[in-house]
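The values are calculated or read from the model by the stated rules, or taken from the named source; none is laboratory data. Fair warning: this is a prediction, and the values are worked out from it, not measured in the lab. Cβ atoms come from the backbone with ideal geometry, glycine included; neighbour counts cover every protein chain shown. To get the accessible areas, we keep the full protein, side chains included, count just its heavy atoms, and leave off ligands, DNA and RNA. Shrake-Rupley method; radii C 1.70, N 1.55, O 1.52, S 1.80 Å.
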Amino acid sequence: MAAIDCGTNSIRLLVADLPDPSAGPTAPLTDITRQLEIVRLGQGVDQTGRLAPEAIERTRVALAGYAAEIEKLGVDRVRMCATSASRDASNAADFRAMVERTLGVAPEVVSGDEEARLSFTGAVRGLPSDAEPPYLVVDIGGGSTEFVVGTRESGVQAAISVDIGCVRMTERHLHGDPPTPEQVAAAEADVAAVVDRALTAVPGRQAATLVGLAGSVTTVVAIAEGLREYAPERIHHARVSYDEVARVTGDLLTRTRARRLEIPVMHPGRADVIGAGALVLRVIMERAGMSSVVASEHDILDGIAWSLR
């Protein structure tokens, strides 16, 4: 099976074998390949309401590479989900036509609710035994963040998608290099107001474990863990305290982009927006009263793959 997740900042591919149903509910996927390209599809969408032609072209180039890989591996089924940026854009039809020409299947522009449910499915399967339910799963993307509360046994109890993400908050507030204290304060106030609304809509403050998904979270965790290179097996299910998240966030927001690029685990395509992503994570932990976060390398991409079962 091939799953493609096209978000505001990145496009990712997972090709995997699904376990036999007789293997039981905790049997994992067997990964064949995972790939990521930073394409910034959501460039400027918050201001213009449209997908930029150059952003669509960057996405086309990455998708063409994925299509070649899918053909080479003899994939049986493909599902591509597109999220926040393509929901918001007035010219989403141009994006859809490009995908159909390049990949041969239409993208599904999923709702925020479906995005949240797919993220939850991918994240909670295989969580370690010390991750006590119920879970608050937060997927911090480029344009939106999903909040999902539930358990493995009963599934999703409540979910909401809100328009805060690392690209959107950077473009809206963090214009300096590094951002000024005033810009950071404005971003924090914006994020806090939205997070409070989200935590009122879903019972996030009643959850026992916070599970964080996507590149902003995994990058912050990799920095907090002192990794010299990005190692998914070290990051997956690592637990990091609020104090460490706050320390990393403060450091990122006072560095220039050039100095953020000096951090060994920093993806070049994430360096300009990681400060905002870290800030979103820190504020969520504060407002939800969470003393730690468990990182997961499994997220909506895995949820898309599981949906093909």
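Loop exposure criterion: GluC sites (Glu not before Pro), DSSP state outside H, G, I, E and B, at most 14 other Cβ atoms within 10 Å. Applied to the chain, the longest stretch between such sites is 1-152. Of the trypsin sites (Lys or Arg not before Pro) found in segment 188-289, the ones in coil according to DSSP and having at most 16 other Cβ atoms within 10 Å of their Cβ are 228.
Taking a probe of 1.4 angstrom, what is the accessible area of residue 175 in Å², to the nearest 10? Accessible area of residue 175: about 130 Å². Here the accessible area of segment 143-191 is 53 percent carbon and sulfur, with a 1.4 angstrom probe and all protein chains present. Counting Lys and Arg as +1 and Asp and Glu as -1 over every other residue whose Cβ lies under 10 Å from the Cβ of residue 301, the net charge comes to -2. Computed on segment 153-309, with alpha-carbon pairs under 8 angstrom and 6+ residues apart, the relative contact order is 35 percent. The slack between residue 20 and residue 34, meaning 0.36 nm per residue of separation minus the straight C-alpha distance, is 3.0 nm. Accessible surface for segment 1-125, divided over its residues, is 43 Å² per residue with a 1.4 Å probe. What percent does the relative contact order of the chain come to when contacts are Cα pairs within less than 8 Å and at least six residues apart? About 21 percent, as a whole number. For the chain, the C-alpha radius of gyration divided by 2.2 N^0.38 Å, with N the number of residues, is 0.94. Other residues within the sphere of radius under 9 Å centred on the Cβ of residue 242, judged by their own Cβ, net out at -2 (K and R +1, D and E -1). Between residue 309 and residue 69, the distance separating the two model label sites (each 7 Å from Cα on the Cα→Cβ line) works out to 2.4 nm. Multiplying the residue separation of residue 225 and residue 292 by 0.36 nm and removing their Cα-Cα distance gives an extension gain of 22.8 nm. Once the C-beta distance of residue 233 and residue 196 is scaled by a Förster radius of 30 Å, the resulting FRET efficiency is 0.30 to the nearest 0.05. Using Cα pairs closer than 8 Å and at least 6 residues apart in sequence, work out the relative contact order for segment 94-153, in percent. Computed over segment 94-153, the figure is 26 percent.
Between residue 177 and residue 246, the simple label model (points 7 Å from Cα in the Cβ direction) yields a spacing of 3.1 nm. For segment 1-134, carbon and sulfur atoms together expose 49% of the accessible surface, with a 1.4 angstrom probe and every protein chain in place. Placing pseudo-labels 7 Å out from each Cα toward the beta carbon at residue 158 and residue 105 gives an inter-label distance of 3.4 nm.
Each other residue within a Cβ distance under 13 Å of residue 172 adds +1 if Lys or Arg and -1 if Asp or Glu, for a net charge of -4.
With protein chains left intact and a 1.4 Å probe, residues in segment 164-309 average 38 Å² of accessible area per residue.
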